[in-house]
Amino acid sequence: MRIGILALAVMGAILSVSPSGAQSGGNPKRGKVYAQQLCADCHAIDDVAAVSPNKAALPFSRAANTSGMTAIALSAWLQTIHPTMPNIMLNTDTADDIIAYIVSLRVHAH
């Protein structure tokens, strides 16, 4: 699991150097609905659950709060085949909504 988190952090750091640091144009409310339908069997999808139903699946709140994690990095992560993850084909709008939802789970320091 540490390798997965490290891989996400590295990917986030690499992809965060894009000129825009672009954020997803998706809708986080729809993204939460899609996450409940498509992701919750394996991932802890909200900001309350710290442990995913599948212990190998990264909780969304941890992904959102990984240093350097951007919407672009999450997009790359969703488009990359993972041996432990089902090959779910998401259309662009659905992926953008899920990414917007994950990004909404970031803890913002005041």
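At a temperature of 10 °C and a viscosity of 1.306 mPa s, determine how fast the range 59-100 diffuses translationally according to Stokes-Einstein, using the Kirkwood radius over alpha-carbon pairs as Rh; express D in µm²/s, rounded to the nearest whole number.
The diffusion coefficient I find is 145 µm²/s.
Return the sequence-ordered ³J(HN,Hα) values of the range 78-93 in whole Hz as given by the Karplus equation 6.51 cos²θ - 1.76 cosθ + 1.60 applied to θ = phi - 60°, using x for Gly and Pro.
5, 8, 8, 6, 10, x, 9, 10, x, 7, 8, 8, 9, 6, 4, 5
Report the residues of the range 43-67 in range of a label on Gln37: point 7 Å along Cα→C-beta, backbone N strictly under 18 Å from it.
43, 45-46
Put one equal scatterer on each alpha carbon of the range 39-110, apply the Debye formula with no solvent term, and list log10 I(q)/I(0) at q = 0.11, 0.22, 0.28 1/Å to two decimals.
For the range 39-110, the Cα-only Debye profile gives -0.25, -1.05, -1.54.
Between Leu90 and Asn54, what is the label-to-label distance in nm when each label sits 7 Å out along the Cα-to-Cβ direction?
Result: 1.4 nm between the two label points.
Taken together, the values in this text are just the output of simple stated rules run on the coordinates, not laboratory data. This one's a predicted model, so the numbers in the text were calculated from it and none came from an experiment. Every residue, glycine among them, receives a Cβ derived from its backbone with ideal geometry; neighbour counts consider all protein chains shown.
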